[in-house]
1. Return the residue satisfying two criteria in turn: it lies in the range 125-167 and is surrounded by fewer than 14 Cβ atoms within 10 Å (Cβ to Cβ) and among the hydroxyl-bearing types (Ser, Thr, Tyr), and of such residues it is nearest to MET246 (Cα to Cα).
2. Against the conditions (1) over 14 Å from the mean Cα position of the chain (by Cα); (2) assigned to a helix (DSSP H, G or I); (3) surrounded by fewer than 19 Cβ atoms within 10 Å (Cβ to Cβ); (4) not aliphatic (A, V, I, L, M), where does PRO112 fall short? Just the number, please.
3. Out of (1) at pLDDT 80 or above; (2) surrounded by fewer than 16 Cβ atoms within 10 Å (Cβ to Cβ); (3) more than 27 Å from PHE228 (Cα to Cα), the odd one out for ASN41 is which?
4. Condition test on THR56, is it in a helix (DSSP H, G or I), more than 25 Å from GLU99 (Cβ to Cβ), β-branched (Val, Ile, Thr) and modelled with pLDDT of 90 or more?
5. Read through the list (1) modelled with pLDDT under 85; (2) within 21 Å of TYR76 (Cβ to Cβ), then give the number of the only condition that ALA25 fails.
6. Could you list, in sequence order, the residues of the range 186-214 that are assigned to a helix (DSSP H, G or I), among the small types (Gly, Ala, Ser) and touching a Pro at 6+ places or on another chain (Cβ under 9 Å)?
7. Filter the range 65-100 down to the residues that are outside any helix (DSSP H, G or I), over 14 Å from VAL171 (Cα atoms) and either without any contact (Cβ under 8 Å) to a residue 24 or more places away in the chain or of a type in the set (Val, Ile, Thr) (or both) and list them by number.
Amino acid sequence: MLVLVGHSLRRIRAALIVLGLLLAAFQFLLTQVAAYLMRQNAFGQLAELMPDFVRTAAGPSALGFMSYTGIVALGYFHPVIITALVGLMIAIATEPAGEVETRFVDLTLARPLRRLDVIARTLVVLVLAGGLMLALMVAGTWTGLTCCAPAQAERPSFGLVLSLAFSLATVMACWGGVALAIGSAARRRAVAGAVAGALALAAYLLDYLGRAWEPAFSMSRLSPFHYFEPMTLVMGQAFDARDAAMLLAIALAGTVAGCVTFSRRDI
């Protein structure tokens with residue numbers, strides 16, 4: 001299984017290196033953006049420029065965003081960053097479908113390996129790749145705060161940065177589990193990735209509608225993104241373990257479903 005882990009990591013090492021460095025650089029540069037806005041006294045101006053419907057949809061969290069800490073933390077809940085990381089998890093989790101499609105799984109299972117070892121390999125790669133991305137993001141954030149933060153700025157604590165990273169990790173784990181369940185049943189990797197990606201997009205849009213449109217709020221509870229609330233951390237509220245537990249429960253359910261499906265399917 002460890003040989004398979006190494007093989008999978010070698011296949012995606014270029015993507016991991018490039019994406020990780022981009023995320024680390026982005027987090028570092030956000031600390032410089034926050035410092036610049038503070039020197040220009042621009043936080044109040046940004047709040048005035050925000051449209052009323054955006055302020056209503058964001059609620060009190062809009063005020064938390066218009067601060068030094070809010071700008072620094074932006075990378076941990078920016079839609080583009082979430083898309084990139086969830087996309088990475090989906091790409092890795094659908095690897096079993098790709099190996100069935102290319103018949104690589106025949107070569108693998110000709111060795112003294114169980115089918116569960118193939119899924120366990122994917123889980124290890126998911127954890128290693130996701131952990132590396134988040135570690136680089138935290139390193140970029142903390143490097144910028146350590147070296148370049150203005151003396152008068154109320155810098156976010158290291159615990160807050162770790163909490164934001166863990167909150168993002170629960171979302172990544174959730175969609176990794178969902179994609180693993182789909183990829184374990186599919187015969188084509190492109191189909192599995194498309195289905196998982198479409199589900200993630202639909203869930204994100206449903207959560208957005210629920211935040212901006214009251215009649216859709218009850219339906220938005222079906223979206224995993226409904227339980228992703230990083231702005232509450234930025235505003236100083238305690239970490240909500242129930243939301244994290246919900247996302248991790250979905251990840252666990254997807255993992256179990258993937259193990260059972262791949263163990264019983266005809267490959």
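The values are calculated or read from the model by the stated rules, or taken from the named source; none is laboratory data. Keep in mind that this is a model prediction, so the values were computed, not measured. Positions of Cβ are generated from backbone atoms using ideal geometry, with glycine treated the same way; all protein chains shown enter the neighbour counts.
1. Here the answer is SER157.
2. Answer for PRO112: the failing condition is (2).
3. (1)
4. Judged against the criteria, THR56 is not a match.
5. (1)
6. ALA192, ALA200, ALA203 - these are the residues of the range 186-214 that are assigned to a helix (DSSP H, G or I), among the small types (Gly, Ala, Ser) and touching a Pro at 6+ places or on another chain (Cβ under 9 Å).
7. MET66, THR94, listed by residue number.
The rows are residues; the columns are (1) under 22 Å from LEU4 (Cα atoms); (2) out of contact with any Gly (no Cβ under 7 Å at 6 or more places or on another chain).
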| site | (1), (2) |
| --- | --- |
| ARG111 | yes, yes |
| ARG121 | yes, yes |
| VAL127 | yes, yes |
| THR141 | no, yes |
| PRO150 | no, yes |
| LEU160 | no, yes |
| LEU164 | no, yes |
| ALA173 | yes, yes |
| VAL178 | yes, no |
